[in-house]
Amino acid sequence: VPAQAFDAWDVGMITDSEFGDAKILAESEDAIRNAFDRIDPNIVSVVTGFIGHDPNKRITTLGRGGSDLTATQIGAALKLDEIQVWKDVDGILTSDPRLVPNAVPVGDVSYEEASELAYFGAQVLHPIAMQPAMKHNVPVRVKNSYNPSAVGTIIRNRKETERLVTAITYKRDIKLMDIESTQMLGAYAG
């Protein structure tokens, strides 16, 4: 497969100057589109994640979730049909497989569910990495690089199924139950 490597700044990743926790600047979207317009569409572009540079061309790092954020920022800017993020698990699982050996992949979740699961311990995709995809309504599929034939989990604006429980996460010293029901009229139980 013909491929070419690029540093993220070569394809338009412009950040502020906060090394270690840089934020991607809004002008990156146009810069990314312009950069990919100049790249041969017959080659696979391999882009470094987690880095960018500020307007003065100083190298920056994005912080936690930065590699996934790079992928979703580029995919959202290009308005792809789907962004794929490859991990070492078959997607978002019903619970932590270290605690529940028979945990299974969840087929689809909403952006909000995925963000909440990540916040409370599901260590698949950092919530910040979902923001560009949410903004542009581009689905994100989490796939397993060790099991590429697995379907993975699709994260999108709304779920396609109405299951009762999405997943269970664990975070030490936190107890929270989030229940939603059309009969609760927006009330929360906790």
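Coordinate-derived values only; no laboratory data. The structure presented is a predicted model; accordingly, all values stated were derived computationally and were not measured. Positions of Cβ are backbone-derived with ideal geometry, glycine not excepted, and every protein chain shown enters the neighbour counts.
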query = Around ILE92, which amide H atoms from residues at least 5 apart in sequence, or from another chain, sit under 5 Å from its own amide H, with H modelled in the peptide plane?
reply = VAL106, THR153
query = Which trypsin sites (Lys or Arg not before Pro) in segment 74-132 pass both tests, a DSSP loop state and at most 13 other beta-carbon atoms within 10 Å?
reply = LYS79, ARG98
ask   = Given a Förster radius of 25 Å and the C-beta distance between ASP81 and ILE39 as r, what FRET efficiency does 1/(1 + (r/R0)^6) yield to the nearest 0.05?
value = 0.85
note = Full extension between GLU112 and GLU18 adds, at 0.36 nm per residue less the Cα distance, a length in nm of 31.1 nm
key: Inter-site label distance for ALA5 and VAL100 at 7 Å from Cα along Cβ, in nm   = 4.1 nm
query = Which of the chymotrypsin sites (Phe, Trp or Tyr not before Pro) found in segment 1-75 are loop residues per DSSP with 16 or fewer other Cβ atoms within 10 Å of their Cβ?
reply = PHE19
ask   = For segment 78-95, what does the Karplus curve 6.51 cos²θ - 1.76 cosθ + 1.60, with θ = phi - 60°, yield as ³J(HN,Hα) per residue in whole Hz, taken in order and with x for Gly and Pro?
value = 8, 6, 5, 5, 7, 9, 10, 10, 9, 10, 10, 10, 6, x, 7, 9, 5, 6
ask   = Amide H to amide H, which residues 5 or more places from PHE6 or on other chains are under 5 Å from it, using H placed in the peptide plane?
value = VAL46, VAL47, THR48
query = What percent does the relative contact order of segment 1-63 come to when contacts are Cα pairs within less than 8 Å and at least six residues apart?
reply = 48 percent
task = Output ³J(HN,Hα) for segment 39-56: one whole-Hz value per residue in order, computed from phi by the Karplus curve 6.51 cos²θ - 1.76 cosθ + 1.60 with θ = phi - 60°, and x for Gly and Pro.
result = 8, 4, x, 8, 10, 7, 8, 9, 10, 5, x, 6, 10, x, 9, 7, x, 8
D_trans [Stokes-Einstein, Kirkwood Rh over alpha-carbon pairs] for segment 1-104, 20 °C, 1.002 mPa s, µm² s⁻¹ = 143 µm²/s
note = Counting sequence-distant residues (5 or more places) and residues on other chains, those with an amide H built under 5 Å from that of LYS87 are LYS143, ASN144, SER145
note = Computed about the Cα centre, the charge dipole of segment 1-63 from +1 Lys/Arg and -1 Asp/Glu charges at the Cβ has a magnitude in debye, to the nearest 20, of 120 debye
